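These notes are about the structure you will find just below.
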């Protein structure tokens with residue numbers, strides 16, 4: 001299972017600064033389910049719904065599906081569907097830097113990304129997080145957890161605002177990524193986004209994080225690699 005991580009690291013050593021490794025953030029570098037737990041607990045407290053105030057991380061099989069989290073917390077399907085619009089609005093109002101404090105790295109991400117950065121290859125975080133409301137919190141989370149920060153050789157491209165479409169944003173940023181250098185590898189969790197990268201960079205190693213995704217019925221294109229996290233058995237020495 002760790003072979004793709006080894007392959008990317010060895011390729012990064014060969015290409016150095018002329019190469020680029022693209023990384024998504026949510027459900028790729030970061031696990032944002034703890035953030036979702038905090039928001040749903042606060043929603044339960046605000047609305048006087050005791051079972052939601054006791055929401056736990058295991059209620060979120062995926063960080064993208066609030067309806068199932070409502071049901072897993074103890075609501076009926078009918079209650080969950082009735083509350084879902086209100087809960088989503090409550091969530092959207094808290095899609096801010098302050099709540100990024102709850103995010104934790106996907107296992108092995110800080111250590112693996114540090115090894116990548118040490119090869120000299122450029123890192124490009126390309127994320128659907130909105131720049132206007134989440135950039136400061138994202139940077140603070142990265143700093144706190146020891147992830148490579150934007151600066152020489154490390155770039156971060158975020159959506160202009162919350163309501164911009166993630167798919168469009170990633171597709172339209174392909175030219176900006178190309179300007180950085182030769183894209184040699186991509187890490188993402190969302191099949192639709194992975195397919196965009198696969199088509200744009202056919203020679204790159206495209207790696208799918210088997211964490212979670214939006215649930216859209218999009219089949220990954222052939223030729224992708226898969227890893228559950230960033231903890232290889234042996235990724236060598238940088």
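No lab work stands behind these numbers, since they all come straight from the coordinates. Keep in mind that what you see is a predicted model, and the values were worked out from it rather than measured. Please note: Cβ atoms are built from the backbone with ideal geometry, for glycine as well, and neighbour counts cover all protein chains shown.
In the chain, helices alone account for a calculated mean residue ellipticity at 222 nm of -13000 deg cm²/dmol, with every DSSP H run of four or more residues adding -39,500 (n - 2.57). For the stretch 174-238, what is the relative contact order in percent, using Cα pairs closer than 8 Å and at least 6 residues apart in sequence? So the answer I get is 30 percent. Over the stretch 1-66, the hull volume per residue, using the convex hull of the C-alpha atoms, is 99 Å³.
Available extension along the chain between residue 38 and residue 182 is 47.9 nm, counting 0.36 nm per residue and deducting the alpha carbon span. Taking every alpha-carbon pair under 8 Å whose residues sit at least 6 apart, the stretch 33-100 reaches a relative contact order of 29 percent. A crude spin-label estimate for the pair residue 79 and residue 67, with each label 7 Å from Cα along the Cβ direction, gives 1.8 nm.
Using a simple spin-label model with pseudo-atoms 7 Å out from Cα toward Cβ, residue 139 and residue 45 lie 2.9 nm apart.
If you fit an axis through the alpha-carbon atoms of helix 109-118 and take the longest principal axis of the Cα set of the chain, what angle between them do you get, 0 to 90°, nearest 10? For 109-118 against the chain, the angle is about 20 degrees. Exposure proxy shown here: for 60, 91, the number of other Cβ atoms within 10 Å sets the order, fewest to most, as 91, 60. Remark: the Cα gyration tensor places the stretch 100-238 in the rounded category, a/c being less than 1.5.
When 51, 100 are sorted by how many other C-beta atoms sit within 10 angstrom of their C-beta, beginning with the fewest, the order is 51, 100. Working note: Debye formula, equal point scatterers on the alpha-carbon atoms of the stretch 33-100, no solvent; log10 I(q)/I(0) at q = 0.27 Å⁻¹ is -1.36.
Consider a paramagnetic label point 7 Å from the Cα of residue 163 along Cα→Cβ; state which residues of the stretch 84-115 have an amide N under 20 Å from it. Residues 85-97 qualify, since their backbone N sits under 20 Å from the label point. Principal-axis analysis of the Cα atoms of the chain puts helix 131-144 at an angle of about 70° to the longest axis.
In plain terms, the chain from residue 3 to residue 118 could stretch by 39.5 nm, reckoned as 0.36 nm per residue minus the Cα-Cα distance.
In terms of other Cβ atoms within 10 Å, 134, 156 run from fewest to most in the order 156, 134. Short-range pairs are left out: with C-alpha atoms under 8 Å and at least six residues apart, the relative contact order of the chain is 30 percent. Could you tell me whether the stretch 137-213 comes out rounded, prolate or oblate from its Cα gyration tensor? Rule is a ≥ b ≥ c as square roots of the eigenvalues, rounded for a/c under 1.5, then prolate if a/b exceeds b/c, otherwise oblate. Because its axes are fairly even, with a/c under 1.5, the stretch 137-213 counts as rounded. Cα centroid separation, the stretch 96-128 to the stretch 15-29: 9 Å.
Counting only the Cα atoms, the chain fills a convex hull of 119 Å³ per residue.
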